[in-house]
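Inspection log for the structure reproduced underneath, given as structure tokens.
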Number of protein chains: 2
Amino acid sequence: MADDTTAIDWTPKARQILAAANELFYSRGIHAVGVDAIAERAGVTKKTLYDRFGSKERLVVAYLVGRDQAWRSFLADRLTEAGGDPATRLAAVFAASAAWTAEHSRKGCSMINAHAEISDPSHPAYPVIVGQKQWMLDLFATIAADADAADPAATGRSLMLLHEGALVAAGMGVIPDAYALAGRDAHDLLAGRPPVSA
Amino acid sequence: MADDTTAIDWTPKARQILAAANELFYSRGIHAVGVDAIAERAGVTKKTLYDRFGSKERLVVAYLVGRDQAWRSFLADRLTEAGGDPATRLAAVFAASAAWTAEHSRKGCSMINAHAEISDPSHPAYPVIVGQKQWMLDLFATIAADADAADPAATGRSLMLLHEGALVAAGMGVIPDAYALAGRDAHDLLAGRPPVSA
DNA sequence: CGGTGAATAAACAGATCTGTATAGTTATCG
DNA sequence: CGATAACTATACAGATCTGTTTATTCACCG
């Protein structure tokens with residue numbers, strides 16, 4: 001009887017369920033995958049799934065929170081490796097996205113994809129989705145500020161556009177090496193061009 | 001008995017059904033909307049829906065083809081208005097996207113959203129989705145070529161990144177005036193910066 | 001005036017979906 | 001050793017979903 005507020009009990013089986021949900025929700029879509037399929041892939045009874053997560057909706061939220069956390073920690077590692085230089089840090093973001101896509105995200109950004117399926121802004125997954133984008137936007141603005149951009153917020157938004165564009169283009173396979181291209185453009189934008197001011 | 005190849009008989013009711021499908025599929029998602037809901041919104045019997053479209057899958061394809069055609073014709077009108085100057089044409093593309101979003105596309109790009117839900121590349125809607133992106137990419141490359149870019153294909157891809165990024169950012173509401181910003185960046189990229197070459 | 005096609009109305013089939021109930025198993029732990 | 005928690009197995013309830021069937025109405029058209 002896990003309601004919206006109670007935390008999830010992370011038993012080993014719960015982790016297996018989340019791993020199965022991650023694979024299926026991501027590759028086939030949230031609405032297209034039923035809880036039976038997830039339980040079967042996890043090698044678990046449907047009752048166990050409901051004992052751990054309470055509802056499909058809560059499992060969906062856990063799926064998105066899990067991906068969000070994994071991405072943030074993945075990126076954080078690469079950023080500490082990158083050191084303090086803003087240009088290097090910026091390059092690390094695009095390189096991290098490229099590596100992440102190759103490993104875990106071949107069908108595009110899971111947050112963008114989830115946003116396509118979850119229309120109701122009052123859905124508990126909504127803040128997770130928008131929160132990740134906001135976090136990335138803040139990161140780009142910080143990098144722009146560290147690079148002494150005249151208008152760090154505006155430059156951060158421009159960098160964000162390039163990054164989101166690469167996410168989509170890579171996810172649909174319409175631009176080869178989308179991250180490399182976007183990374184070069186972002187670098188040029190941060191370093192060379194007179195700032196875009198309103 | 002309409003199979004995959006036979007054309008759709010565009011009776012008045014068929015157009016009502018497509019209009020209803022357009023509203024519901026776009027706002028709630030393809031998998032989340034049932035044919036009963038579409039028939040009801042269209043003021044039509046489910047039998048009529050199946051007599052006209054044969055299956056939900058064919059209705060989905062018609063929905064995406066319809067949006068694709070509407071967008072292309074909408075954009076084509078603005079491009080003829082814009083005349084021959086590449087920079088003006090480029091600005092017209094981003095202005096058209098902004099206007100289109102305000103009128104018909106408040107929840108992001110329908111092709112990107114459909115791609116999130118349709119995982120199977122052999123789905124008949126797949127070429128429609130990727131086809132629109134390819135067409136936009138060609139358009140940007142043509143504009144870059146008309147502007148005498150050193151590498152029109154590469155510049156076209158960069159412009160595409162900015163445009164796709166604006167689609168996502170606007171659809172998720174994370175960047176205000178995303179199209180205006182992306183349009184300025186695209187203009188600067190086309191006009192000012194030394195070309196990015198591999 | 002008779003036929004044809006488009007449509008309504010409404011029930012139904014069969015599958016699938018979320019979620020629950022019941023009963024039993026296993027392992028740990030005080 | 002007995003309680004508790006995690007889990008299996010399985011059946012079920014009720015809703016919803018795609019798609020079909022049957023019967024009927026209505027308008028147009030040769």
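Miscellaneous remarks
- Segment A:63-191, relative contact order [Cα under 8 Å, separation at least 6], %: 29
- Electrostatic dipole magnitude of the protein assembly as shown [Cβ: Lys, Arg +1; Asp, Glu -1; Cα centre; debye, to 20]: 960
- The B-A contact accounts for roughly 3600 square angstrom of buried accessible surface, both chains included, probe 1.4 angstrom.
- Within 10 Å of each Cβ in A:129-138, the average number of Cβ atoms from other chains: 2
- DSSP-loop trypsin sites (Lys or Arg not before Pro) across segment B:98-179, with at most 14 other Cβ within 10 angstrom: B:Arg106
- Unit Cα scatterers, Debye sum, segment B:68-156: log10 I(q)/I(0) for q = 0.14, 0.15, 0.26 Å⁻¹: -0.57, -0.64, -1.28
- Among B:Gln132, A:His187, A:Leu24 the positive-end extreme of the charge dipole of the protein assembly as shown (Cβ point charges): A:Leu24
- Of the residues making up segment A:29-70, those losing 20 Å² or more of accessible area when the isolated chain is joined by the remaining protein chains, with a 1.4 Å probe, are A:His31, A:Ala32.
- Measure of compaction for segment A:9-54 (Cα Rg per 2.2 N^0.38 Å): 1.02
- For the Cα trace of chain B, dividing Rg by the Kirkwood Rh returns an Rg/Rh value of 1.03.
- Label spacing, shortest first and in nm, from A:Ala37 to its equivalents in the remaining copies (7 angstrom along Cα→Cβ): 1.8
- Two-decimal log10 I(q)/I(0) for the protein assembly as shown, as the Debye equation yields it once each C-alpha is a single scatterer, q = 0.07, 0.08, 0.09 Å⁻¹: -0.35, -0.45, -0.57
- Sorting B:Asp148, B:Asp77 by solvent-accessible area of protein heavy atoms yields B:Asp148, B:Asp77, largest first, with a 1.4 Å probe.
- Simple Cβ-charge dipole of chain A, Lys/Arg +1 and Asp/Glu -1, about Cα centre, in debye nearest 20: 580
- Taken along the Cα-to-beta-carbon direction at a fixed 7 Å, the label points for B:Asp51 and A:Val130 span 4.5 nm.
- Positions from segment B:171-188 whose accessible area shrinks by 40 Å² or more when the full protein complex is built, not the chain alone, probe 1.4 Å: B:Met172, B:Val174, B:Ile175, B:Leu181, B:Arg184, B:Asp185, B:Asp188
- Normalised per residue, the accessible area of chain A is 44 Å², obtained with a 1.4 Å probe and no contribution from ligands, DNA or RNA.
- When the solvent-accessible area of chain A is split by element, carbon and sulfur atoms take up 53 percent of it, the probe being 1.4 Å.
- The calculated 222 nm mean residue ellipticity attributable to helices in chain B amounts to -24000 deg cm²/dmol, summing -39500 (n - 2.57) over DSSP H runs of n ≥ 4 and dividing by all residues.
- Shortest-first nm distances, B:Ala76 label point to equivalent points in other copies (7 Å, Cα→Cβ): 5.2
- Tilt relative to chain B, helix B:126-146 - C-alpha long axis, 0 to 90 degrees, to 10: 20
- As a length-normalised measure over Cα pairs under 8 Å and 6 or more apart, the relative contact order of segment A:9-54 settles at 47 percent.
- Inter-copy label distances at A:Gly192 (7 Å, Cα→Cβ; nm, one decimal): 1.2
The values are calculated or read from the model by the stated rules, or taken from the named source; none is laboratory data. No experiment lies behind these values; they were computed from the predicted model shown. FYI the Cβ positions are ideal-geometry reconstructions off the backbone, even for glycines, and counts take in every protein chain you see. What goes into the accessible areas is simple: the full protein's heavy atoms, side chains included, and nothing from ligands, DNA or RNA. Shrake-Rupley method; radii C 1.70, N 1.55, O 1.52, S 1.80 Å.
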